[in-house]
Amino acid sequence: VVKPFSPREVVARVMAILRRTSARAPNTEDGRDLSHGRLRLDLDGWRALWNEVEIALTVTEFQILRLLASMPGRVFSRDAIIDRLHGPGFAVTDRTIDSHIRNLRGKFAKAGADDLIETRAGIGYRLGSCTGA
């Protein structure tokens, strides 16, 4: 903050930072699991479970699912997913993300999870309600 500044501006900036950091806080039960509906991610064991049945995932699929589960209501663009997984400037096409999402949906559909990931047309993906059978 450049001088002179008003106390209101300082308070507004601090509140904005607090809002941003609290929006990034993961949805955790004990710090090492992420749960949303019937989905549970064991972060220590790198395991994804649907109704306590393990679903075999690749490392990238698990990372995408972990990202979506960390903020269930947030919509992530393909570019945001690539940046979070690989860092900015990494040479991955957005269609690669589509392929991973399709694979995730297929694996969980076999277990009865038809609402795992929602597509927001023209925007990106977010975690669904995860309440399916």
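Things to note:
- Remark: pairs (first residue in region 41-61, more than 15 Å from residue 109 (Cα to Cα); second residue surrounded by 12 or more Cβ atoms within 10 Å (Cβ to Cβ) and small (Gly, Ala, Ser); Cβ separation under 7 Å; 6+ apart in sequence or on different chains) = 41/48; 41/69.
- The residues on offer are 91, 48, and the sole one that is within 14 Å of the chain's Cα centre (by Cα) and of a type in the set (Gly, Ala, Ser) is 48.
- Hits in region 1-30 (condition: modelled with pLDDT under 70, in a loop (DSSP other than H, G, I, E, B) and of a type in the set (A, V, I, L, M, F, W, C)): 1, 2, 25
- Checking each residue in region 68-94 for being in a helix (DSSP H, G or I) and more than 17 Å from residue 58 (Cα to Cα) picks out 70, 78, 79, 80, 83, 94.
- Among the residues of region 72-110, the ones that are among the hydrophobic types (A, V, I, L, M, F, W, C), in contact (Cβ under 8 Å) with a residue 24 or more places away in the chain and either buried (at least 17 other Cβ atoms within 10 Å of the Cβ) or closer than 18 Å to residue 38 by Cβ (or both) come to 7 in all.
- Residue 67 vs. criteria of a type in the set (A, V, I, L, M, F, W, C), within 22 Å of residue 129 (Cβ to Cβ) and either at pLDDT 95 or above or surrounded by 10 or more Cβ atoms within 10 Å (Cβ to Cβ) (or both): yes
The values are calculated or read from the model by the stated rules, or taken from the named source; none is laboratory data. Keep in mind the model is a prediction, meaning the values are calculated, not measured. With ideal geometry, Cβ positions are generated from the backbone for all residues, glycine too; neighbour counts draw on all protein chains shown.
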